[in-house]
Structure formats: structure tokens, C-alpha cells
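Notes for the one structure printed next.
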Amino acid sequence: QVQLVESGGGLVQAGGSLRLSCAASGDIFSINAMGWFRQSPGKQRELVAVIPSGGSTRYADSVKGRFTISRDNAKNTVYLQMNSLNPEDTAVYYCNTIPPDWDYWGQGTQVTVSS
């Protein structure tokens, strides 16, 4: 059974950076596009970045130019480099396949950006 474990979140001041990691217990990266999602209190979960198994990355307009998604298939890990963070980026961040598989949702990692 595949498990996705997110890490790297924390508390950071506005303008700061964080790098999130998502490690998979199974080899799903080589055949799947992967994505980072986030959910803030009272809001729906939203897709913020996508990286295909091959091809161009895509980003939500709200993070374009600030976030970078990357993957290391050999390590079964996908990353999200987040720069120029602002309080609106505060959320729990999750990774999943694209399209997302309900069984793969993990605990996520909390990112809190203080003003």
C-alpha cells in the first residue's frame, strides 16, 4: 500500500522560505504526475503545483513565480520550494497523485507564515 508522508513545514516570517518534501513508500512517481495541495481553515483544498512524469510544471496563479515543484524519482520524493512566503500561504500542505487518489491523502505538513 502506498503512503505519502509530507514534511518540512513550520513557522516562518513573511518573506521567508521553506522546502517541503513528500516521500512515497511505493514506486508511484515514475508513472504518475504528482501535485502539492493546500488547505486553509474554512477553505477548500486547492491545487498549487503539478509536476508530470515528463513535461512542464504548472502552478496556481497565487504561487506562480514564488513556488517551485521538483521530483526525484530515484528517491520517490517530490519537493516544493516556497519563497517569498506571505500570510495567505498559511495552510496544511499535502501531496498526492494527479488526479488525486483518496487513499493517498496523508497528514500533511503545517505551514504558518507570520506577518
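Listing for the model above:
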| item | result |
| --- | --- |
| Dipole in debye (nearest 20) - the chain, about Cα centre, beta carbon charges: Lys, Arg +1; Asp, Glu -1 | 220 |
| Globularity index of the chain, i.e. its alpha-carbon radius of gyration over 2.2 N^0.38 Å | 0.99 |
| Dipole of the chain [Lys/Arg +1, Asp/Glu -1 at C-beta], most positive-end residue of 114, 73, 97 | 114 |
| Per-bin percent of Cα-Cα distances, region 38-80 [5 Å] | 6, 20, 26, 22, 16, 8, 3, 0 |
| Considering only the chain, percent of DSSP beta bridges that pair antiparallel, nearest 5 | 90 |
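Readers should treat all values here as calculations from the given coordinates under stated rules, not as data from a laboratory. None of these values were measured; they are calculated from a predicted model. Neighbour counts are summed over all protein chains in view; Cβ atoms, including those assigned to glycine, are modelled from backbone coordinates with ideal geometry.
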